[in-house]
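Novice: Questions regarding the structure given below will be posed in turn.
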There are 2 protein chains.
Amino acid sequence: MELVKNMLSGDRVALAKLMSILEREPDEMPGIMEQIHSKTGSASLIGITGPPGAGKSTLIDSLIKSVRKNNETVGVIAVDPSSLYTGGALLGDRIRMNNHVGDQGVFIRSLSTKGTFGGLSKTAKATTRLLDSYGFNKVLVESVGVGQTELDIANVVDIVVVVLVPEAGDSIQLLKAGLIEIGDIYVVNKSDREGSDLLVDALSSELHERNGGKSWMPKVIKTSAKNNTGIDELLVEIQKLNDKLSASGELQKLRQLRIKHELKEAIRNSLDQMISLDDILHITGEVGKDVMNGSIDPYTGAKKLLSSGDLAKNINRRFNSTG
Amino acid sequence: MELVKNMLSGDRVALAKLMSILEREPDEMPGIMEQIHSKTGSASLIGITGPPGAGKSTLIDSLIKSVRKNNETVGVIAVDPSSLYTGGALLGDRIRMNNHVGDQGVFIRSLSTKGTFGGLSKTAKATTRLLDSYGFNKVLVESVGVGQTELDIANVVDIVVVVLVPEAGDSIQLLKAGLIEIGDIYVVNKSDREGSDLLVDALSSELHERNGGKSWMPKVIKTSAKNNTGIDELLVEIQKLNDKLSASGELQKLRQLRIKHELKEAIRNSLDQMISLDDILHITGEVGKDVMNGSIDPYTGAKKLLSSGDLAKNINRRFNSTG
C-alpha cells in the first residue's frame, strides 16, 4: 500500500489517513498490520486511565510538553466511550491540539467509539502499532478506567498510569473495583486540592495489601496541572520503570503475552466472520434447526455442536473452501 | 437444580440467587438456561434506552406503577455501565425499590458491569430469560444508548423505547449517531420543559427520513414524570405495537433472529474457551511460533491458520477429546 510507505517515510497526512482507514474499514487492518510489522516495537507504550473528571486530558497535555522538552516525539490516542454524549474526548483533543499546533513531534487522535461491537479494542491496538511504526518515541493511550469500556488498556500498553483525584470520594471504591490491579504507577492529580494526602495514604496502604501480583511496588505521584508540579517527576518514573522492566526481561514477557492475546483475538475475529448469521444454519445443521424451532436452547445447542465435533468439521470444510 | 425448580414455582429468593449466579458464575449459565427454556417466551420484553440524564429511571418507576394498575407483573433489569463511577444505576434502583417494597408483582435488579469483557451482554440476556421464565408479564431492560455499552439492546428485547430530553441539545446528534435506527417508540421525556415541541418535530421529521427499515412509523410520545403525564399512553402504545407485530408475524421473525444471534454467541463463547491463552501455542503450532518470535504479525498468522485448515483440525481434535 502506497499510503503505508509514505507514512513510514514520515508523511503525517498518510498517518492520519491510515488511522481513518483503521477506524472505518476493519477489513483493511490485517494488510496494514502486516506491512508495518517489522517497524514496530521501538516505542514506549504508556496508558493513562482513570475515572471521568480526573483531569487526564490536562495531565496528558502537560506530559506532552515534558516529553518534548526531552527532545522525544509523542503520539497520543484518546479513547473515550462517553465522548458521544459529553463531547469529552473531542473537547480534550481541541485543547491539546491548539497547544501543539505546528509541532511535528506531536500527533494526537481521538478514536470514535461508533461502529462495530468489539471494534474499539481492535482499533486502539492497531492505531497504537501505527504510531509505533511511524517512529514516535512514546505513545500515550488515554482511556476511562476499568469495567467501563470495551478496551482493556493493560492489553495495549507496556505501562499503565492510573489517575485519581482527591475529591473523587469514591476513589477507594474504584480501587477496590479493579483499578488497583491494573496500575503500574498511580497519580494523585489536582493535588493542590484538599484531601490529596489522605488519598495518597489510602492508595499506598491499599497497594501494600495487593498490587496485582507485580514484582515491584507501584509508585504514587502527586501532580497538579494547575501548579505545573509533578509532571517531570511522573515522566522520570515512567522511564525508570520502563528501563527496569526492560532490564529484568519482564517487558519482553509482557509483550509476548500481549502477542498471544492478539493472536487469539485475530483468530476469534476470523472465526467470527466465518460463522455469519446468514449461513449459521448451514454450519449448525440439525442442531441449529432444533434451536430455531425452540426444542432446545442455544447454549445446549452450542454444547452439542462442539462435543460432537460436527461444528468443527463444518467450519473446517468452509475454511478449506474459502481459504 | 433445586434453585431453578423453586424459582419456577414462584420463590423470589431463588430468583435473586439465580441472578447472582448468572452474574458471578458464567459457567453455570448454560445449565440454567437449559432448565428454564421451556418456560420462556411469554413475557413482553421491552427495552428502555437513551443518554444519561434522560430520566430513564424515573420513567421506569412510573411505568411500573402503570403496569401494576393493569394488574400485570413486571421485572426490571438496569444495565448501566457508568454505575461504577456515578452510582447511577444503584441510586435509581434504590428509588424504585423503595417505591415498590412489598409488592410481589415487581422485581428490580441492577446488573453490575464488573467482570469479564463481553459478559454484560450475556448476563443481560440470561437474566431477561430468567424473569421471563419466572412468569412476569412484562420485562423492562434499561440501558444507556447506542455505541456506549457492550449491550446491544435490540438483540435482547422485542420493543425498544428510546428516551430523549429537550435540553439535550445534542439529541439530534444522538439520533444521527444511531439511536434513530434502533427505536420502535420514541419518548420525549421531561416534556414540561422548554424545547420539547421542537424536539418532537425534529424527531418526527428525522423518522420520516429513515426509520431503520421498519414496516411501521415509530410513534413519538411526550411524557413528564413530574406532571405524571404520558405514561399510560406510552404503555398503551407499547402494547399496541406488540399486538401488531405479533399479528403480522414480525415478532416471531424478530425472535428467530435473536435466537440466531444467541446461537452464534453461544458457539463463540464455547470456542473462546477452547482457544485458551495457555494452550494457544499447541493449537497454532508452527505459525504460532512465528508470531511469537515476531517474524510474522498476529493477523497474518490467523489468516494462515484459517486458510490452511490447520487450526480447524487442531480445534476439531481438541473438541473430540474434551467433548
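Novice: Cα to Cα, under 19 Å, and not fewer than 8 places away if on the same chain: which aspartates and glutamates meet these conditions relative to A:Lys69?
Specialist: A:Asp61, A:Asp103, A:Asp232, A:Glu233, A:Glu237
Novice: What number comes out for the charge environment of B:Ala266, summing +1 per Lys or Arg and -1 per Asp or Glu over other residues with Cβ under 12 Å away?
Specialist: Working: positive: A:Lys303, A:Lys304, B:Lys122, B:Lys125, B:Lys260, B:Lys264, B:Arg268; negative: A:Asp297, B:Glu34, B:Glu262, B:Glu265, B:Asp272.
Summing Lys/Arg as +1 and Asp/Glu as -1 gives +2.
Novice: Estimate the FRET efficiency between A:Leu281 and B:Gln239 by the formula 1/(1 + (r/R0)^6), using the beta-carbon distance for r and 35 Å for R0, to the nearest 0.05.
Specialist: Given R0 = 35 Å and the Cβ-Cβ separation, E is 0.60.
Novice: Which order results if B:Met19, A:Met274 are arranged by neighbouring Cβ count within 10 Å, fewest first?
Specialist: Details: B:Met19 20, A:Met274 16.
Placing the least packed residue first, the sequence is A:Met274, B:Met19.
Novice: Could you order peptides A:204-216, B:125-137, B:248-260, B:6-18 by the average number of other Cβ atoms within 10 Å of their residues, highest first? Walk me through the numbers before you get to the answer.
Specialist: Working: A:204-216: 12.3, B:125-137: 22.5, B:248-260: 14.5, B:6-18: 16.2.
The packing order, highest mean first, is B:125-137, B:6-18, B:248-260, A:204-216.
Novice: Continuing with this model, one more query. Note down the nm distance, to one decimal, between modelled labels 7 Å out along Cα→Cβ at A:Asp192 and at B:Asp192.
Specialist: It is 4.2 nm.
Novice: If you don't mind, another one. Once you average over the residues of B:289-299, how many Cβ atoms of partner chains fall within 10 Å of each Cβ? If you can, show how the numbers build up before the last one.
Specialist: Numbers: counts 0, 0, 5, 4, 2, 7, 2, 3, 14, 15, 16.
Partner Cβ neighbours, averaged per residue: 6.
Novice: Then there is this: Enter the mean number of other protein chain beta carbons within 10 Å of the beta carbon of each residue in A:250-257, as an integer.
Specialist: Details: counts 0, 0, 0, 0, 0, 1, 3, 1.
What the average comes to for A:250-257 is 1.
Novice: What ranking of A:Glu72, A:Glu2 emerges when the number of other C-beta atoms within 10 Å of each C-beta is taken as an exposure proxy, fewest first? Walk me through the numbers before you get to the answer.
Specialist: Working: A:Glu72 15, A:Glu2 7.
If I rank by nearby Cβ atoms, fewest first, I get A:Glu2, A:Glu72.
Novice: What does the average come to when, for each residue of peptide B:36-49, you count the partner chain Cβ atoms lying within 10 Å of its Cβ? Could the numbers behind the result be given before it?
Specialist: On the way: counts 1, 7, 4, 0, 2, 1, 0, 0, 0, 0, 0, 0, 0, 0.
Shielding by partners across B:36-49 averages 1.
Novice: Please get the size of the charge dipole for the range A:275-322, origin at its Cα centre, with Cβ charges of +1 on Lys and Arg and -1 on Asp and Glu, quoted in debye to the nearest 20.
Specialist: Values: 6 positive and 6 negative charges, 40 e Å.
My answer is approximately 200 debye.
Novice: Counting only other residues whose beta carbon sits under 12 Å from that of A:Leu245, what net charge do I get with K and R as +1, D and E as -1? Walk me through the numbers before you get to the answer.
Specialist: Details: positive: A:Lys214, A:Lys240, A:Lys244, A:Lys253, A:Arg255; negative: A:Asp158, A:Asp184, A:Asp243, A:Glu250.
Once all neighbours under 12 Å are counted, the net charge is +1.
Novice: Then there is this: With θ taken as phi - 60° and the coefficients 6.51, -1.76 and 1.60, list the Karplus ³J(HN,Hα) couplings across the range A:137-143 in order, rounded to whole Hz; mark glycine and proline as x.
Specialist: Couplings: 5, 10, 10, 9, 10, 9, 8 Hz.
Novice: Just list whichever of A:Lys122/B:Lys264; A:Lys289/B:Lys214; B:Lys253/B:Lys303; B:Lys65/B:Lys240; B:Lys5/B:Lys125 have alpha carbons separated by over 30 Å in the model shown.
Specialist: Numbers: A:Lys122/B:Lys264 20 Å; A:Lys289/B:Lys214 27 Å; B:Lys253/B:Lys303 35 Å; B:Lys65/B:Lys240 19 Å; B:Lys5/B:Lys125 20 Å.
Violating the 30 Å Cα-Cα cut-off are B:Lys253/B:Lys303.
Novice: With 10 angstrom as the radius, rank B:His282, A:His37 by how many other C-beta atoms surround their C-beta, starting from the fewest. Don't skip to the end; give the middle numbers.
Specialist: Details: B:His282 11, A:His37 18.
If I rank by nearby Cβ atoms, fewest first, I get B:His282, A:His37.
Since every read-out is calculated from the coordinates, none of them should be taken as a lab result. Not measured: the values here are computed from a predicted model. Heads up, the Cβs are rebuilt from the backbone with ideal geometry, glycines too, and the neighbour counts pull from every protein chain shown.
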